[in-house]
Each structure stands twice: as structure tokens, then as C-alpha cells.
């Protein structure tokens, strides 16, 4: 069913959304009844906010559709807006921003009872957009908006992150990754201005600055099937994605975003340059299972015990973690618009 009441949440400081043209192009798509049927330019009505550079589109205008546009004004604003979407009558929420804005939007949806949750559309405009890569979403505003208004959707898993000792006031959610260790801080400490100018390279530059501060963390990891892994790790990730930081790619044919399980990988502290090279090669070639320096598992939940509290990254947003961490998969908890078969 086509959406009739749409809440469009847009992050105005994301690099690619700073142009008014971007917003106008997205709105032009959202008001189309059907953008998949080609029509001649003479047969297309123009919206008042259409831009001179807009490409001719197919489909009639949907005059019954109502789109409310709200820019985020502060951290957590998208969560607040989305958490009230169902009670305010919205059947679809569209997030226009990066992975952090998406995290907030999904967190708001998950506070709504499962049967009442609106569908989620996503127009990616961040620097890395790992989630969008995994979902096969287009980097084109128009194409992503067209998908967000379509009939096709799929249910995907999300994660719930809980920390002990009061470090987190309440459990937090994530859409595709919870991680600690090397490069983790770069995901949330890179200045927005750098990301807008340099894009994904800004994360790499910030991460290189952090290389001299790498400290392995001793961790004990317990899985539901009784598996226990323990060691000194420089990086750990609990993921539901095929792309991590735009660098590590997992084979899409081997992993699913809706199978009720995370992919868990832990990178041991290398003792030599040769071991470090083996780790880098494994991460770049997606050969995680055959490397003794990388522990790799599938699991529906994970319990991690650390010697001391450390900072985590949830979808690129900072989260304080206690010595005891619990991460649980929430199977098929989000309905997202997609053109993936």
C-alpha cells in the first residue's frame, strides 16, 4: 500500500542535505503517485518546489498524500519525533541523513508497539552510509526517495545494547553495528565539518591519528550455544551488515539482515608486523573465518565481560559501556522500504 501520511526527518547538517535542491528533489519524488512508469515531459505536472534542473519524471501527482518535513535540531531529536509518529497518524517515516540520524530514527520506531510501527524509508546522505550499502539503496536522492515511497518492503533485525553499573541509563538500539576498539572513536569523534568536506576519507584520517593510542582490551565473550572466547582484542564488532566503516565487506550471499543472528568478529592483538598484515589482509578480502587472529561467530545474543568500562560505538554514535555488556538481536523488528528482491 502506498503511504498517505509521511513524516520526513532530515538532518540539515549532513553534507549533502545542505543544498535546498536536494530537499526539493526529494519532495518532488515523494508526491508522485507512481514514478516507475515513463511519461513524456509534456504530460507531467510540476510541483511548486520543483527545481529547474529536475529531470522529467513519470507518474501523476498524489494529491491526497501529506508529507510533513521536520529538520533535526539537536542530538536525539529524531528519536523524539519518531516515537510519536504512530499516534500522530503517520504510516511511513523517512529518514534523510547519515547513519547516526538513522540510528535515532530506528530507536524511536522501536519504542512503538510492534503492530503499530510505521514503515521506514531511508534517503542516505552521510559520509559512509554502511547501512545503505548493505540494503542496496541508491546514493541518488531521487532514486532513494522513489524506493521509500514504493510498495516493496522487508523486515530486518536490529540490536539492543545494555551496559551494567549504570553507565547507560537505559538500553540503546542499533541498526547495524556495535563495536569497540581501534577506529571506534573515529566514528563519533570526527568533526562534522571534516565529514562534509572530505566524506569517508575524514574517518580514515581521524583513525590514523588514533593508531598510536591502540590498547588491547581483555574480554570474555559468551554465546547462547555455550561457546566462550577470551583474549586480548584490539577490535570487536557485533554486526548486522555487509559493510563496516566502508572498508570491511562481508559477502552478501553468505549473510542476512533478517535471519535473527548477528555476525560477531573479534580481532586479536597482533604481536608482530606479520600478524598485523595477516589481519589487514583478512579484513580487506572478507576472509574472516580462516584467520586464527580473528574470532568469527554467528549468534542471536552476546554477553561480554571486560576488565574495565570502555567506550563503544553504536552505528557511529558514542555509547558508554560498563564491564558487563549484553547485546540481543530483535528479529525482524523494523519494516524498511527496499527494492531488493
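Only one of 286, 258 is surrounded by fewer than 19 Cβ atoms within 10 Å (Cβ to Cβ), at pLDDT 85 or above, in the same structural domain as residue 236 (by TED's automatic domain parsing) and under 24 Å from the mean Cα position of the chain (by Cα). Can you tell me which? Sole residue among the options that is surrounded by fewer than 19 Cβ atoms within 10 Å (Cβ to Cβ), at pLDDT 85 or above, in the same structural domain as residue 236 (by TED's automatic domain parsing) and under 24 Å from the mean Cα position of the chain (by Cα): 258.
Taking (1) closer than 20 Å to residue 333 by Cβ; (2) in contact with a strand residue (DSSP E or B) (Cβ under 8 Å, 6 or more places away or on another chain) in turn, residue 113 satisfies each apart from (2).
Residues in the stretch 82-100 that are touching a strand residue (DSSP E or B) at 6+ places or on another chain (Cβ under 6 Å) and either surrounded by 15 or more Cβ atoms within 10 Å (Cβ to Cβ) or without any contact (Cβ under 8 Å) to a residue 60 or more places away in the chain (or both): 82, 85, 90, 91, 92, 93, 94, 95, 96, 100.
The set of residues in the stretch 3-24 being in a helix (DSSP H, G or I) and at pLDDT 70 or above consists of 21, 22, 23, 24. Of the helices (runs of 4 or more DSSP H) contained entirely in the stretch 102-221, those carrying at least 2 residues that are touching a helix residue (DSSP H, G or I) at 6+ places or on another chain (Cβ under 6 Å), modelled with pLDDT of 75 or more and not assigned by TED's automatic domain parsing to the domain that holds residue 304 fall at 141-148. One residue stands out in the stretch 231-255 among those that are in a strand (DSSP E or B) and under 16 Å from residue 129 (Cα atoms): the one that is modelled with the highest pLDDT, namely 239.
The values are calculated or read from the model by the stated rules, or taken from the named source; none is laboratory data. Since the structure is predicted, the reported quantities are computational estimates derived from the model, not experimental observations. Neighbour counts are summed over all protein chains in view; Cβ atoms, including those assigned to glycine, are modelled from backbone coordinates with ideal geometry.
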